[in-house]
Amino acid sequence: MVSILLIFLILLNINTTIENLAQPDCQTPFGPNNRYSTQINPVSIINGYFNNDAKLDLAIANDVLNSVSILFNNGDGTFQNQKVYEVGAFPVSVTVGDFNNDAKLDLVTANQAENTISILLNNGNGTFQKEKKYSVGTSPTCVTGDGTFENEKKYEVGSHPQALTVGDFNNDNKLDLAVVNSNENSISILLNNGDGTFQHQKKYEVGSTPKAVTIGDFDNNNRLDLVIVNQDANNISILLGHGDGTFQHQKTYRVGAYPQTVTVGDFNNDNRLDLAINNQINNTVSVLLGNGDGTFDNQKAYVADAFPTSLVSGNFNEDTKLDLVVTNAGSDNIIILFGNGDGTFPNPTTYKAGKVPVSIAVGDFDNDTILDLVIANSGEDSMSILLGGGDETFQNQTKYRVGPQPQSVIIGDFNNDSKFDVITANHGNRSISILLGNGDGTFQKEKKYRVGPNPSYIAVGDFNNDTILDVVTTNEGENSVSILLGYGNGTFQDQDMYEASFYPKCVVVDDFNNDNKLDLITANSYSESMSILLGNGDGAFQRPMSYTVDSGLIFVAAADFNNDTKLDLTAVGWGSTVYIILGNGDGTFQEETRYDIADIAQSVAVGDFNNDMKLDVVVANNYDTSISILFGNGDGTFHDPIKSTTGSHPYFVTASDFNNDMKLDLAVTNDQDNNVAILLNSCP
């Protein structure tokens, strides 16, 4: 028989610890991104050392509120909340430079609505002086020794110049200019005379509506080349330089829809320059790895957020690997894609499930020592089995019929044959479905048992200490829990019902008062409370005790967050909060601590996701298409949440090691996409 302890370790990974692992600290295991708020419509981003602490910081231009946001780097891949500075009207570009020769990086914005630039001089302590404005030509769109400037000098270029960059294109140690002209699909090269003046332009053809330009030596010949982003052509142009101020004809590479900006860096550590481009229409970032001879591989796309407007590269978590930061005007934030160092940035992998997948559990259903998945599909009265390949992949789903609107799924060995079985709680009627496993990844036809009305969640435990698994369901329809004691042959006794509180949504099973008897705690979604039912050890439970919070709860999990050998709780509800509730070890709990997350959280999972021997919490944010990761300090407190995109309306999250690398990964059901997202842990 599979031992009760083993089943709990696999099923109830809410109590999982991995104390036997001693991996390096990893703050951000689940890309692709971490989000930070900016002001409305961030459109341009640049990095630099703004407070002289050797950590790359960020500056973002926000065109709607006429401001610049400064985000200071903590050095671990996270950033402080923004500091905001006023600039001119409609800033569309920001860049840096030491304009007053004090060895401190200053900022300059191009203010399109008033034909000015704003200079913000750096005080060197993380603050900037009030802007100084200078008039320029009509509708400036991009910018690249005493902090003051002379009046402008004008040079003719093409129609509607959109962006520019500087570099020494003819190797005379004088900085030249390259300007893209969006109305005539060209780039103008203006060579520097060395006296502050420039020669007449020389034009080169590029793609349709060039939007941005930057430089790099893409063929390793010590001559500067150009890369141009062509917005309406959905491609980029590469112009290789001859080293004398002239360039070869363009070669184009396809990227995503409506590309906006480009950044250059060595993303796979092969000493060859690569490219990253943000694509505004399909909300992606294209990465093109360079071959070192001026050519590039085909793009690989990564998910960004809504309407990405600009991006920049840099090592933001000090792991010697280049990362990407993207500004997103549609969601008024930035996201960070932490690089793996091999040219990839971790994205979730999705697998098709049934309609409206709402719950997921993990176990080895075919006895190959590789973890598999079972998913409850509420929209089509079925469950899906996805067998794992052990190589980060899963087979296509196999479906089995269960009761109406299955809302929760759990696994265990209910007939003591050392093969995992499955039970679903069927919200559409008063039943659970049990499907006995054959041990080869297939299951027998369901058998139903009656429980209370509208069962929403199911859990297992040995409630009467007979070494046989029993079942508990929460019944939303009559504010109760049902206990079904197991016979050990795959069948169960008729239910015993116990009162909970209004609309119990979830139940967690563990010994909360240290008497070696399993207890129950329900999350009550309409009564702003939890119900604690202490177990007698004979299959019966005491009357519920109530623990009040300020929001209706929909999910609760148990673990020891402060390492005092007493079980604590984490819970989420209808508000934008995750609760941490420390246990006293006698069945009572301390006042909750709250952490703000996205509306509305749906479920939580617990584990050590950054391998620091401290338990962390992951929350599925059903209304925010993301998960939130709260890294634990080991004393019952947590860092502020970091977000990562999954799919549309993530509903249920669970943690297990899906690729056998001794790191906890995540599986998330996305109930609007009808799929499950696998997020592999990328800690070193």
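Remarks
- FRET efficiency, 1/(1 + (r/R0)^6) with R0 51 Å, evaluated for I40 and K355 via beta carbons: 0.90
- Hypothetical label at Y526: residues of the stretch 467-489 whose amide nitrogen lies under 14 Å (7 Å Cα-Cβ projection): 475-480
- Computed magnitude of the charge dipole of the stretch 444-487 (debye, nearest 20; Cβ of K, R +1, Cβ of D, E -1): 260
- Restricting the calculation to Cα atoms, the stretch 247-320 shows an Rg/Rh of 0.98 when the hydrodynamic-style radius is the Kirkwood one.
- In nm, spacing of pseudo-spin labels at N298 and F502 (7 Å Cα→C-beta vector): 5.7
- Computed extension length for M662-E591: 22.1 nm, one decimal, from 0.36 nm per residue of separation with the Cα-Cα distance subtracted.
- The 3J(HN,Hα) values that the Karplus relation (6.51, -1.76, 1.60; θ = phi - 60°) gives for the stretch 168-176 are, in residue order, 8, 7, 10, 6, 10, 6, 10, 6, 9 Hz. Gly and Pro appear as x.
- Label-point separation in nm, A306 to S208, each point 7 Å along Cα→Cβ: 2.8
- Kirkwood estimate for the stretch 231-370, i.e. one over the average of 1/r between Cα atoms, Å: 17.0
- Cross-link partners for K104 among the lysines, with Cα-Cα distance under 20 Å and sequence neighbours closer than 8 places in the same chain left out: K55, K83, K130, K132, K133.
- Eligible lysines near K399 by straight Cα distance, threshold 20 Å, same-chain separation 8 or greater: K352, K355, K419, K445, K447, K448
- Separation of the Q542 and D368 label points, Cα + 7 Å toward Cβ, nm: 4.8
- Each of G363, H242, V471 was placed along the dipole of the chain (beta-carbon charges, centred on the mean Cα), and the one lying farthest toward the positive end is H242.
- Relative counts (whole %) of C-alpha pair distances in the stretch 471-542, using bins that are 5 Å wide: 3, 18, 27, 23, 17, 9, 2, 0
- The orientation-averaged projection of the convex hull spanning the C-alpha atoms of the chain amounts to 29.8 square nanometres.
- Whole-number D in µm²/s for the stretch 420-495 (Stokes-Einstein; Kirkwood sum over Cα pairs; 10 °C, 1.306 mPa s): 126
- Protection proxy ranking for 556-564, 244-252, 605-613, using the average of other Cβ atoms within 10 Å per residue and placing the highest first: 605-613, 556-564, 244-252.
- Peptides 304-314, 101-111, 168-178 ranked from most to least packed by the mean count of surrounding Cβ atoms within 10 Å: 304-314, 101-111, 168-178.
- Over all Cα atoms in the stretch 188-308, the spread is summed up by Rg and Dmax: 14.8, 46 Å.
- Each 10 Å bin from 0 upward holds the following percent of the Cα-Cα pairs of the stretch 49-98: 27, 48, 24, 1.
- The stretch 278-353: Rg to Rh, with Rh as the Kirkwood radius over Cα pairs: 0.99
- Taking 15 Å as the straight-line reach from the Cα of K505, the aspartates and glutamates in range (excluding those fewer than 8 positions away in the same chain) are E476, E478, E528.
- Relative contact order %, the stretch 395-450, counting alpha carbon pairs below 8 Å whose residues are six or more apart: 30
- Relative intensity of the stretch 379-458 on a log10 scale, I(q)/I(0) at q = 0.16, 0.27 Å⁻¹, equals -0.59, -1.27, per a Debye sum over C-alpha point scatterers of equal strength in the absence of solvent.
- The stretch 542-684 - convex hull of alpha carbons, volume per residue in Å³: 120
- For the stretch 510-573, the Rg and Dmax computed from alpha carbons only, in angstrom: 12.1, 34
- Taking the Cα centre of the chain as origin and assigning +1 to Lys and Arg Cβ atoms and -1 to Asp and Glu Cβ atoms, the resulting dipole is close to 1800 debye.
- Cα gyration tensor category, rounded, prolate or oblate, for the stretch 581-626 with a/c compared to 1.5: oblate
- Our estimate of slack between N416 and T442, defined as 0.36 nm per intervening residue step minus the Cα-Cα distance, is 7.7 nm.
- In this structure, D270 and L65 have a Cβ-Cβ separation that, at R0 = 35 Å, corresponds to a calculated FRET efficiency of about 0.25.
- Positive-end extreme of charge dipole, the chain - chosen from G412, T284, A425 (charges on Cβ): T284
- Which of S531, S431 has the fewest Cβ neighbours within 10 Å, and the rest in rising order: S431, S531
Every read-out reported here was derived from the displayed coordinates using simple, explicitly stated rules and does not represent laboratory data. Because the structure is a prediction, the values reported are computed rather than measured. Virtual Cβ from ideal backbone geometry, glycine too; neighbours counted across all protein chains shown.
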